[in-house]
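Colleague: Below is the structure I would like to discuss, written out as structure tokens.
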Amino acid sequence: MTLEERKAAARKAAFIARKRAYEARLPGQAGRLSEVLAGYRGVPVSGYMAIRTEIDPLAAMAEAAAYGPVGVPVIEAAGKPLSFAVWEPDCEMIEGTFGAWIPASGERMEPELLIVPLVAFSRGGGRLGYGGGFYDRTLELLRAKRPTLAIGFAFGAQEMDDLPLEETDQPLDLIVTEDEVITPKR
């Protein structure tokens with residue numbers, strides 16, 4: 001089986017696990033994420049607007065916005081790194097690429113901490129995304145400029161032991177689930 005076939009099979013299994021976790025979710029799913037972000041008050045943060053069955057970081061983003069700038073990713077074009085639009089609770093949103101909502105203002109910011117959505121993760125800090133490479137390119141670019149923290153946010157059910165990864169895959173510094181905070185051992 002090729003690497004791409006292994007990734008496709010892993011994504012399929014992870015999407016099923018994520019959907020089940022989403023359907024069984026309880027209120028307060030971003031509580032642990034809020035606890036982690038409290039240690040980084042004032043640091044420019046990027047969150048994301050949850051789509052489909054992704055775990056929702058919105059409550060933690062709203063809390064972080066009281067202490068410093070918060071942005072959400074904007075897909076500029078295929079094969080390019082993400083940019084980040086300034087987000088505030090209750091700001092006007094418009095539909096962006098791939099159906100992700102983005103702030104209408106268009107004002108940009110550069111995060112030093114990214115809350116990263118994912119399809120699957122490993123305890124070693126591996127992340128399997130949707131396959132576009134947007135976060136890998138973006139993290140590589142940001143980490144070349146300054147220390148940049150990548151926090152994977154997912155349901156615990158999205159954990160996989162043996163993720164098919166490539167050298168270009170950027171590692172997660174922390175993984176936060178609805179139940180725990182995982183510090184990868186590398």
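Colleague: Of everything in the stretch 144-186, what is in a helix (DSSP H, G or I) and within 17 Å of Ala10 (Cβ to Cβ)? Give them in sequence order.
Modeller: Result: Gly156, Ala157, Gln158.
Colleague: Exactly one of (1) assigned to a loop (DSSP other than H, G, I, E, B); (2) at pLDDT 95 or above; (3) among the small types (Gly, Ala, Ser) is unmet by Ala50. Its number?
Modeller: Going through the list (1) assigned to a loop (DSSP other than H, G, I, E, B); (2) at pLDDT 95 or above; (3) among the small types (Gly, Ala, Ser), Ala50 breaks only (2).
Colleague: Within the stretch 143-154, is there a residue that is of a type outside the set (S, T, N, Q) and within 24 Å of Glu5 (Cβ to Cβ)?
Modeller: So far as the stretch 143-154 goes, yes, one or more of its residues are of a type outside the set (S, T, N, Q) and within 24 Å of Glu5 (Cβ to Cβ).
Colleague: When the stretch 152-179 is examined, which residues are found to be of a type in the set (A, V, I, L, M, F, W, C), within 21 Å of Ala60 (Cα to Cα), surrounded by fewer than 22 Cβ atoms within 10 Å (Cβ to Cβ) and out of contact with any helix residue (DSSP H, G or I) (no Cβ under 6 Å at 6 or more places or on another chain)?
Modeller: Listed by number, the list holds a single entry, Leu174.
Colleague: Let me ask something else about it. Of all residues in the stretch 141-151, which are over 23 Å from Val181 (Cβ atoms) and either in contact with a helix residue (DSSP H, G or I) (Cβ under 8 Å, 6 or more places away or on another chain) or in contact (Cβ under 8 Å) with a residue 40 or more places away in the chain (or both)?
Modeller: Leu141 - this is the single residue of the stretch 141-151 that is over 23 Å from Val181 (Cβ atoms) and either in contact with a helix residue (DSSP H, G or I) (Cβ under 8 Å, 6 or more places away or on another chain) or in contact (Cβ under 8 Å) with a residue 40 or more places away in the chain (or both).
Colleague: Would you mind stating whether Thr183 is in contact with a strand residue (DSSP E or B) (Cβ under 9 Å, 6 or more places away or on another chain) and free of Cβ contacts under 8 Å to residues at least 24 places away in the same chain?
Modeller: Taking the combined requirement at face value, the residue satisfies it.
The values are calculated or read from the model by the stated rules, or taken from the named source; none is laboratory data. The shown structure was predicted, so the numbers you read here are calculated from the model rather than taken from an experiment. Virtual Cβ from ideal backbone geometry, glycine too; neighbours counted across all protein chains shown.
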